[in-house]
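Read-outs throughout are calculated quantities, based only on the coordinates presented, and are distinct from any laboratory measurement. This structure is a prediction, so every number in the text was calculated from the model and none was measured. Note that each Cβ is placed from the backbone with ideal geometry, even for glycine, and that neighbours are counted across all protein chains shown.
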Amino acid sequence: MSAAVPRKLGKAARLILVGAPGAGKGTQSGRLLEHFKLSALSSGDILRDNVRKRTALGIEAETVMRSGGLISDSVMVRLIVGELAKRGWVQSRAELTSGITMTGGLEVLGHGAVATKLAASNCPTSSFLLDGFPRTQKQAESLDQEVDMNLVILERISNRMVHEPSGRIYNLTWNPPRVPGIDDETGEPLTRRPDDCPETFAKRLKQYDDATLPLLEHYDKAGILWTVDGKTSDEITPKLIAEIDRRFG
Ligand code: AMP
């Protein structure tokens, strides 16, 4: 399914991938990276990396993540916008107009003397994909202040199975249980849609629903929301690739 060499895009793509926990966003993100010359940033991965390294942020985030809660909007915005600037995926607007290269986008942001806003480079090689951020309308509004994203992909998958007592999620395509319908670890039955799931998982799903609806409305109004449905990840990938090709190829 993936191209041998990632293909260059004709236009700069600044993508946001949205999907419920367990919908396989990571899988799609990996496949897109194999297919297109594109970089990706996962807010969950950055947070987990901070937890592993025991940074101040990581120590604070760990408890929230364990409980299935969300990290505060202000912390997330600073973290992700800083990361975008560090990677050079967005540049200060002054840089873009003057051609002068400045480093340390966060400093630019912080001091605000030369340029208070960051602007995305329109060069196709600066194409990037955000996975897991923004997750709330507030985060989306803050991101809008910094960079113009140009496509928000809502991934909806319908073949998820869950082991309710543990919250373990299987996907029948990319992560099927060893025995169909049975949890690998406990041998207990799996269900399609838990109505009585463990606290953390339930909280995560509810939070996704609560936070995502306003987020999607926000991007729908901006005219950049696109939804892709499928029973499996494999069904979704070609649709996703075709759409990105159509818009940015
Ligand atoms: P993920 O790998 O995207 O499911 O993220 C794992 C956990 O990190 C989430 O359950 C949240 O606790 C936290 N997290 C990741 N991204 C965000 C975000 N944009 N805003 C708030 N919390 C986040």
Note to self: If you take every residue apart from V179 with its C-beta less than 15 Å away from the C-beta of V179, what net charge results, scoring Lys and Arg +1 and Asp and Glu -1?
What the structure shows: -2
Notebook entry, point to check: So what are the ³J(HN,Hα) numbers for region 64-74, from phi and the Karplus equation (6.51, -1.76, 1.60; θ = phi - 60°), rounded to whole Hz, Gly and Pro as x?
Noted result: 4, 5, 4, 7, x, x, 10, 5, 4, 4, 5
Notebook entry, point to check: Which one of G19, L47, T63 is farthest out on the positive end of the charge dipole of region 1-66, using unit charges on Cβ (Lys, Arg +1; Asp, Glu -1) and the Cα centre as origin?
Noted result: G19
Next item on the list: Name the residues whose placed amide hydrogens come within less than 5 Å of the amide hydrogen of W174, ignoring near sequence neighbours (fewer than 5 apart) on the same chain.
Entry: S233
Check: Roughly how many whole Å is it from the C-alpha centroid of region 135-179 to that of region 10-59?
Finding: 11 Å
Next item on the list: Could you pull out every residue, at least 5 positions away or on a different chain, whose amide H is within less than 5 Å of the one on R7? Hs are placed 1.01 Å off N in the peptide plane, and Pro or chain starts have none.
Entry: F36, K37
Margin query: Give the lysines reachable from K86 as a straight Cα distance under 18 Å; neighbours fewer than 8 places away on the same chain don't count.
Written below: K117
Check: Once amide H atoms are placed 1.01 Å from N in the peptide plane, what residues at a sequence separation of 5 or more from L151, or on another chain, have their amide H within under 5 Å of its amide H?
Finding: R14, I16
Next item on the list: List, in the order given, every pair from K25/K221; K8/K221; K138/K203 whose Cα-Cα distance in the structure shown is over 26 Å.
Entry: K8/K221
